[in-house]
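The next block holds one structure in the form of structure tokens; read it before the comments.
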Amino acid sequence: MCKSSIARRRRVQKSVEPLFYDLASLTKPLVTAPLAFRHLDLDAEMPFRAAYPPVTARRLLSHAAGLPPWLPFTGEPLARQLTRPRPWGAHPLLKEPQAESGVFPACYSDLGFRLLAEAIAAASGRAWRDLGEELSGLEAAPWQRPPLEVPPGPDREAWQLAAPATPFPPPSAVLPHDANARAGMTGHAGFGGAAREVLAWLRIWRREFAPRMVVEHAVASDGTRWGLGLWRVPDGTGQFGALLDRLPPDGRCDVFEDAACDLPPEILPAAGASAVNGSWWMHTGFTGPALFFRPADSACVCLLAHRRGPRGELLDMQTLHRRRMALLAAYAGAV
């Protein structure tokens, strides 16, 4: 049985070390976005040129700067990387956004948050990871406590296509799981924590930063509606919106752990495209976690899910999506 973090602490002896989670891309809304609000003028043009339109922090936060989703972190400056020819379209990670009527639709980009981290460091005169630890109480990689292991992701194939002359980075138990984060985690990944640490920061984050993030700013080609680091929750049968609407308007703030339990994806039907639920906003991470925020009452729920399947395999995106829904259904039924 899966347990909430609160129930888990009641049942497990204090001598047992709590599970440590790689938050993966939840680093974007929980660390990098708050630091951007503190240190950057969101509408000032950033000193970045690489055949792209003017870049601002606001456009980067909403993934609307026209940057590709991903490039290997080889140590080469990003502006120079973006001018080099790439096998665009040869892999889902190697997609070059195209402007529509002179405006770039939102395109989820790790590169945008890499630029934000670099700008934060330049504006503050301090390292992004140090600022993030000081602000959030979460731990920046390399970690002292290894997180739950996740099998390798799709980055190796994309890396070999985009940078065949550069060796793929070796794995490490104390560095983020996704290859692009291992090679250059700044901005978009690299923070983690146990459930109690995540909960402590959520209580502050939802009050001081989340309300600034839930202003719709850009729309992706697939209909995803982006704010400044969060997107609107999709609605419909079996979707997150329908499950979240079961939660009472009581301003709760909670963390619910998967604890690597085997949740059958068949517990909920697969769901296709649907309308948008305006009540909740969200973000997800490669390793399985998901974050939900409701502006009306500042309710905040973080699922610490796990991406390893019953045979140790990496769950595909559809199965992971259904696993998160099953975990959220279990949480909604328990509160």
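Coordinate-derived values only; no laboratory data. For clarity, every value in this text was computed on a predicted model and none was experimentally measured. Here Cβ is always computed from backbone atoms with ideal geometry, including for glycine, and neighbour counts include all displayed protein chains.
Angle, helix 195-208 long axis vs. longest principal axis of the chain, Cα atoms, 0 to 90°, nearest 10?
Roughly 60 degrees, rounded to the nearest 10.
Which residue, chosen from P77, H63, A329, occupies the Cα position most advanced towards the positive end of the dipole of region 3-334, where the dipole is computed from +1 (Lys, Arg) and -1 (Asp, Glu) charges on Cβ about the Cα centre?
A329
Using a simple spin-label model with points 7 Å from Cα along the Cα→Cβ vector, what separation in nm is obtained for R246 and Q160?
Result for the modelled spin labels: 4.3 nm.
Can you give the extra length, in nm with one decimal, that the chain gains between E134 and R212 once fully stretched, where that is 0.36 nm per residue apart less the Cα-Cα distance?
Here the segment from E134 to R212 would lengthen by 26.0 nm.
Roughly how tilted is helix 317-334, in degrees to the nearest 10 and between 0 and 90, from the longest Cα axis of the chain?
40
Within region 71-110, name every residue whose backbone N is under 18 Å away from a label modeled 7 Å from Cα of M317 along the Cβ vector.
Residues passing the 18 Å test: 71-72, 88-98, 105-110.
Divide by every residue of the chain the summed helix terms, -39500 (n - 2.57) for each DSSP H run of at least 4, and state the resulting mean residue ellipticity at 222 nm, rounded to the nearest 500 deg cm²/dmol.
Only helices count here, giving -8500 deg cm²/dmol.
Angle between the Cα long axis of helix 110-124 and the longest principal axis of the chain, 0 to 90 degrees, nearest 10?
80
Quickly rank 285-295, 306-316 as a protection proxy: mean count of other C-beta atoms within 10 Å, highest first.
For the peptides 285-295, 306-316, the packing ranking is 285-295, 306-316.
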